[in-house]
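Please read the structure below before turning to the comments.
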There are 2 protein chains.
Amino acid sequence: MAVEKGQWVLMATARSPTNIAVIKYWGKRDEALILPINESISITLDPDHLSATTTVAVSPSFDRDRMWLNGKEISLDGGRFQSCLREIRRRAGDVEDERKGIQISKGDWERLHVHIASYNNFPTAAGLASSAAGFACLAFSLAKLMNVKEDCGELSAIARQGSGSACRSLFGGFVKWTMGNVADGSDSIAVQLASETHWDDLVVIIAVVSSRQKETSSTSGMRESVETSSLLHHRAKEIVPKRILQMEEAIGGCDFATFAKLTCADSNQFHAVCLDTCPPIFYMNDTSHRIINLVERWNRFEGTPQVAYTFDAGPNAVLIAQNRKTASLLLQRLLFYFPPPPGSELTSYLLGDKSILHESGLQSMKDIEALQPPLETKDKTSVQRYAGDVSYFICTKIGRGPTLLTDEGQALLSSETGLPK
Amino acid sequence: MAVEKGQWVLMATARSPTNIAVIKYWGKRDEALILPINESISITLDPDHLSATTTVAVSPSFDRDRMWLNGKEISLDGGRFQSCLREIRRRAGDVEDERKGIQISKGDWERLHVHIASYNNFPTAAGLASSAAGFACLAFSLAKLMNVKEDCGELSAIARQGSGSACRSLFGGFVKWTMGNVADGSDSIAVQLASETHWDDLVVIIAVVSSRQKETSSTSGMRESVETSSLLHHRAKEIVPKRILQMEEAIGGCDFATFAKLTCADSNQFHAVCLDTCPPIFYMNDTSHRIINLVERWNRFEGTPQVAYTFDAGPNAVLIAQNRKTASLLLQRLLFYFPPPPGSELTSYLLGDKSILHESGLQSMKDIEALQPPLETKDKTSVQRYAGDVSYFICTKIGRGPTLLTDEGQALLSSETGLPK
């Protein structure tokens, strides 16, 4: 068998985006398979600003499966990694690399070990769905390495078993995670509702909120909600199905007013269900509340929604502006209320697409100090500013799904040793 | 007619307690009559620590109805004051004061004007149900002055038209506000479930939380919830009726574990509904959340509930301890996490029943500084304390309903002029 010959290393590297739900997933009907109690819809965020890059390697010289996350070796013992690895290996095909003289046949994969290195281009601990990007990238890159024929929809059912919301990161644009019917969960997959080019004037600004609070993990949080919240089941059964239909229609028609209304309402209802859990779960803090109030006040003042907000299992705000113009007006408001702490650099306070600073007329700390209270502020004399309550902002947009990176320079593992570079 | 003769002033003074709901009222089915969409249950708080005192006076010399709240004249034009005055006048009886030689017959009351002075023995703006105590006291004192024959249940339907939750302040102990069926609301009244002596080892500690946020009034907040929250109606129809029965049983049997579980769950669900409102309403802040976490952590550590918490339309925590022993352990925890700001006096930081300080072994600022993290604290090395986040605490208990104060020294109006003393 060819795999026994020599100490070659075969690799694949991919990059996968994060996503943020606009109709929220909260609650599993099957803990092991990670099957949801309701459908959800997300937008995929531009991988240039928020993504996981994963290199997977195989070699007859590897004596066990190993993984490094952001340069640090982590255990693969968890059931979730094992599920993903097992499911991908089951679907592996024949692989031939003529240049390197490697031949791996279907049956070999069970005996070959893999090395995995993954890296997030944003802080892992910031609560920005790093596990969604990570498991999507793991499934996608392993599938490429092992010549798995399944399409992204089928791969999404594998990524789902790593982290539920990861299934939505297998596609760009607007994505729905369907409930599915069959017992093995194979039809609880992600489908693309519209690609990233369908509605491309939306701008996303993320406020990474400073938090000293240790948060409840979403896994244990949603388990406790399922067990104790009497509102959760009503939401899943009676409310979400209608919202899913309305959201699909809003996305189809690029109807921002409806999109924003549903997004905000569904974020708030998800956090309401967390609060209805026993013991209650608080993901939003005073800063999150202030950001919501800022947006609600502005939207009311303008008469139509300018910006939508949504919060996942943490205090960070994900704000979606209708277009560049409203995004720059939003940034003015955000930087008025949440200026960078004294002595900090503006360019490290606004990450991602920095050109929005120019469009907002904010190019120095002086410009921010000179900002006036927004027009909609009621009592302009007693306005409070909260320097330091936001760690930084990221300006980004809706982006594409996973991509294979063919440039070996981007690989995280050495093609000679299969160990982190 | 006797009332024309002379410039006499006839007065009555009463004191009424506040109350705090343990099964919450949130949402009206009739805005004008203030009829609720669900039943609620409250505990009445000791009027020695939290109450309104109201003097009502009548004199042929008064040329219009007037009212002073905490020494400042306020308008009686609002529909709510007018409803209460009208309803009480309709029920007025004959009054004779032989000593003063005054005779007022039933029909005279329509033409006689009243002066009203009311005073809260706690900060009005602190969000401690001052309007509940105030309207209960208004109805009660006017009924006494005008010789209204109706009992407290019937008076509660009048107080209800001033402020919904005021109806529950007509009784001491444990009180239920019934929904009622008839269109005019006359059967939506308060009934006493148990008197204040039924379960008298409970201790109440209120944390008055510092807040810079302007809060949504409960009147407009509940209107918006009724209009926009899809969870509210499910709560009112499906959840509250069951909780009312369970709570009545828990109170009847002095079953603290069930009482605490229901009280906390219902407070959290009320705030969940506020969050599900569009735009969302936040009454609790980070300090409120920290107090909840403190209690939940302790209750879990002990295995059985030690303390229940409940929050109304504001950030203040009302904590109910099973007995004096748990109350003093609670106070140690509260003062550990929320010590008085440097330079302040302990005796102005713990109001009400100060004897609890002695029982807690906390008699000086030094004792508070020396407090150790509670046993249930996980990481004792990185514990944070939040001096200044609580304005003060009040230690009190469950108390009696409205009482007539016969000592004229306690009257707020002069018996000669009918004006504030």
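The values are calculated or read from the model by the stated rules, or taken from the named source; none is laboratory data. Since we're looking at a predicted model, the values are computed, not measured. Ideal geometry is used to build each Cβ from the backbone, glycine not excepted, and the neighbour counts take in all protein chains shown. For the accessible areas, the whole protein counts, side chains as well, though only heavy atoms, and no ligand, DNA or RNA atoms are used. Shrake-Rupley method; radii C 1.70, N 1.55, O 1.52, S 1.80 Å.
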For the stretch A:1-96, dividing by residue count, accessible area per residue (probe 1.4 Å) in Å² works out to 36
May I have the extent of the alpha carbons of the protein assembly as shown along their three principal axes, as whole Å values ordered from largest to smallest?
120, 54, 53
Within the stretch A:190-281, list the trypsin sites (Lys or Arg not before Pro) lying in a DSSP loop whose Cβ has at most 12 other Cβ atoms in a 10 Å radius.
A:Arg212, A:Lys214
Please list, in order along the stretch A:270-279, the HN-Hα scalar couplings obtained from phi with the Karplus expression 6.51 cos²θ - 1.76 cosθ + 1.60 (θ = phi - 60°), rounded to whole Hz, x for Gly and Pro.
4, 5, 5, 5, 4, 6, 7, 7, 10, x
Pick from B:Leu346, B:Leu294, B:Leu245 the residue whose mean-square fluctuation is largest in a GNM of chain B, springs joining Cα atoms under 10 Å.
B:Leu245
In Å, what is the Rg of the alpha-carbon atoms in the stretch B:191-307, and how long is Dmax?
16.1, 43
Based on alpha-carbon atoms only, what is the radius of gyration of the stretch B:106-151 relative to the globular estimate 2.2 N^0.38 Å?
1.41
Taking A:Lys397 as the anchor, which aspartates and glutamates have their alpha carbon closer than 20 Å to its alpha carbon, excluding any fewer than eight residues away along the same chain?
A:Asp46, A:Asp48, A:Glu196, A:Asp200, A:Asp201, A:Glu248, A:Asp255, A:Asp312, A:Asp353, A:Glu359
Carbon and sulfur atoms account, in whole percent of the 1.4 Å probe accessible area of the stretch B:310-349, for 57
Largest-first semi-axes in Å of the equivalent ellipsoid built from the Cα gyration tensor of the stretch A:356-421 are 45, 15, 12
Where a ≥ b ≥ c are root eigenvalues of the Cα gyration tensor, a/c under 1.5 meaning rounded, otherwise prolate if a/b exceeds b/c and oblate otherwise, the stretch A:55-192 counts as oblate
Using a Gaussian network model of chain A whose springs link C-alpha atoms within less than 10 Å, name the residue from A:Val204, A:Val175, A:Val295 with the highest mean-square fluctuation.
A:Val295
Picking from B:Gln322, B:Gln269, B:Gln410, which is most flexible by a Gaussian network model of chain B using Cα springs under 10 Å?
B:Gln410
Relative to the isolated chain, which residues of the stretch A:227-254 have their accessible area cut by 20 Å² or more in the presence of all protein chains (1.4 Å probe, heavy atoms, no ligands or nucleic acids)?
A:Ser230, A:Leu231, A:His234, A:Ile239
In the stretch B:1-105, which GluC sites (Glu not before Pro) fall in coil by DSSP and have 12 or fewer other Cβ atoms within 10 Å?
B:Glu31, B:Glu98
Relative contact order [Cα under 8 Å, 6+ residues apart], the stretch A:329-421, whole percent:
36
Which of A:His358, B:Tyr119, A:Val226 sits closest to the plus end of the dipole of the protein assembly as shown, meaning its Cα is farthest towards the positive end, when Lys and Arg get +1 and Asp and Glu get -1 on the C-beta?
A:His358
Going out from 0 in 20 Å bins, what whole percent of all Cα-Cα distances in chain B drops into each bin?
26, 54, 19, 1
Can you bin the stretch B:237-295 into rounded, prolate or oblate? Criterion: square roots of the alpha carbon gyration tensor eigenvalues sorted a ≥ b ≥ c, rounded for a/c under 1.5, prolate for a/b above b/c, oblate for the rest.
oblate
Quick calc, the protein assembly as shown, dipole around Cα centre from Cβ unit charges on Lys, Arg (+) and Asp, Glu (-), nearest 20 debye, gives 360
Roughly how many debye, to the nearest 20, is the charge dipole of the stretch B:57-208 about its Cα centre, given +1 on each Lys and Arg Cβ, -1 on each Asp and Glu Cβ, and no other charges?
340
When the Cα centres of the stretch A:31-105 and the stretch B:308-371 are compared, how far apart do they sit, in Å?
53
The simple spin-label model distance between A:Lys237 and B:Asn147, using points 7 Å out along Cα→Cβ, in nm, is 5.9
Distances longer than 19 Å among the Cα atoms of the stretch A:247-348: what percent of all pairs is that?
49
Diffusion coefficient, µm² s⁻¹, Stokes-Einstein with Kirkwood Rh over alpha-carbon pairs of the stretch A:1-131 at 37 °C and 0.692 mPa s
193
Using only Cα atoms, what is the ratio of the radius of gyration of the stretch A:143-196 to 2.2 N^0.38 Å?
1.09
Heavy-atom accessible area per residue of the stretch B:202-327, all protein chains kept, 1.4 Å probe, expressed in Å², is 35
To make sure I understand the rule: partners must be lysines, Cα under 18 Å from the Cα of A:Lys106, and not fewer than 8 residues away in the same chain. Which ones qualify?
A:Lys5, A:Lys144, A:Lys149
Could you sort B:Glu302, B:Glu249 by their accessible area in this structure, using a 1.4 Å probe and putting the largest first?
B:Glu249, B:Glu302
Quote the relative contact order of the stretch A:127-228 in percent (integer), defining contacts as alpha-carbon pairs under 8 Å separated by 6+ residues.
20
Could you look at the stretch B:1-75 and say what percent of its accessible area is carbon and sulfur, using a 1.4 Å probe and all protein chains?
48
Explain nothing, just compute: Karplus ³J(HN,Hα) = 6.51 cos²θ - 1.76 cosθ + 1.60, θ = phi - 60°, for every residue of the stretch A:405-416 in order, whole Hz, x for Gly and Pro.
9, 8, 6, 5, x, 8, 5, 8, 10, 6, 6, 9
25 Å Cα-Cα reach of A:Lys366 towards lysines, excluding residues that sit fewer than 8 places from it in its own chain:
A:Lys325, A:Lys354, A:Lys378, A:Lys380
Can you find, among A:Pro241, A:Gly162, A:Leu412, the residue farthest towards the positive end of the dipole of chain A? Put +1 on the C-beta of Lys and Arg, -1 on that of Asp and Glu.
A:Pro241
Restricting to DSSP H runs of at least four residues, report the calculated mean residue ellipticity at 222 nm for the protein assembly as shown, -39500 (n - 2.57) per run over all residues, nearest 500 deg cm²/dmol.
-9500 deg cm²/dmol
To the nearest 10 Å², what's A:Trp26's accessible area with a 1.4 Å probe?
10
How big is the B/A interface in buried accessible area, both sides summed, 1.4 Å probe, to the nearest 100 Å²?
2600
Any chance you could check the stretch B:258-274 for residues losing 50 Å² or more of accessible area when the partner protein chains are in, compared with the chain on its own (1.4 Å probe)?
B:Asn268
In the stretch B:255-321, with Lys and Arg counted as +1 and Asp and Glu as -1 at Cβ, which of these residues, B:Asn299, B:Ala265, B:Thr277, has the Cα nearest the positive end of the dipole, that is, farthest along it?
B:Asn299
Roll a 1.4 Å probe over the protein heavy atoms and report the accessible area of A:His113 in Å², nearest 10.
60
Loop trypsin sites (Lys or Arg not before Pro), the stretch A:86-195 (other Cβ atoms within 10 Å of the site Cβ: 12 or fewer; DSSP):
A:Arg99, A:Lys100, A:Arg111, A:Lys149
Cα centre as origin, Lys/Arg/Asp/Glu Cβ charges: the stretch B:184-318 dipole, Debye
540
